[in-house]
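What follows is calculated from the coordinates using simple rules that are stated; it is not laboratory data. On a predicted model such as this, the values are computed, not experimentally measured, just so you know. Cβ atoms come from the backbone with ideal geometry, glycine included; neighbour counts cover every protein chain shown.
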């Protein structure tokens, strides 16, 4: 079983390392989004740097790789008594790590929000959708994507308390939330200083 879990982690990490903004930016725009805007390799910076079409494509890639990592982990390890689909959880978590620190792009990736959401959505759909609703409301009211991401992420451990979720998954979920908060440290400073950029809902 240990060998299967290791395989799940490796597969998840390699999938996660296929950072959507970097792959699409370099393949179709000949640009590295880390050299523009906030310097973050994520969908929001892609939107500001390359436009809505590129951002939409990045969103699809980063969501699909999280879901695919979970599916592969589920198929490799199967169900483990008293631990659930631990391979699936491990692969999903590894995909988030890969997104944040991609081996293919010098270990400088994004903040993992979309990939984390994909993992949580695949494993716990209803709590994930509740948090998505919270994200949408916060962003619609404030136009701060970072604030929406932070609040929705922090809400997941609270929302998950109302659902029957394996302990190992709950722990990994909390770790992913902590990663999101840590990766947003600069955004938190800018939010406090009222210098964080708001997203525009107007088309280019």
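In table form, for the structure just shown:
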quantity: For 176, 88, order by how many other beta-carbon atoms lie within 10 Å, fewest first; calculated: 176, 88
quantity: Förster radius 35 Å - calculated FRET efficiency between residue 53 and residue 189, Cβ distance, rounded to 0.05; calculated: 0.70
quantity: 0 to 90° range, to nearest 10: angle between helix 52-77 axis and the chain longest Cα axis; calculated: 10 degrees
quantity: Whole-Å semi-axes of region 2-192's equivalent ellipsoid (Cα gyration tensor); calculated: 26, 21, 13
quantity: Residue exposure sequence - 200, 38 - by fewest surrounding Cβ within 10 Å; calculated: 200, 38
quantity: Estimated [θ] at 222 nm from DSSP helical runs (n ≥ 4, -39500 (n - 2.57)) normalised by residues in the chain, nearest 500; calculated: -22500 deg cm²/dmol
quantity: The chain: most fluctuating residue of 73, 51, 12 per GNM, C-alpha cutoff 10 Å; calculated: 51
quantity: Tilt relative to the chain, helix 167-183 - C-alpha long axis, 0 to 90 degrees, to 10; calculated: 20 degrees
quantity: Folded to 0 to 90 degrees: helix 125-142 orientation relative to the chain principal axis, Cα; calculated: 10 degrees
quantity: Net lengthening on full extension, residue 198/residue 103 (0.36 nm per residue, minus Cα-Cα); calculated: 31.1 nm
quantity: Selected from 164, 40, 187 as most flexible by GNM, with the chain as the system and alpha-carbon contacts under 10 Å; calculated: 164
quantity: Ranking of 194, 99, 184 by count of other Cβ atoms within 10 Å, fewest first; calculated: 194, 184, 99
quantity: Inter-probe distance in nm under a simple model that places probes 7 Å from Cα toward Cβ, at residue 30 and residue 60; calculated: 2.4 nm
quantity: Residue with peak Gaussian network fluctuation, the chain [Cα springs, cutoff 10 Å], from 124, 46, 167; calculated: 167
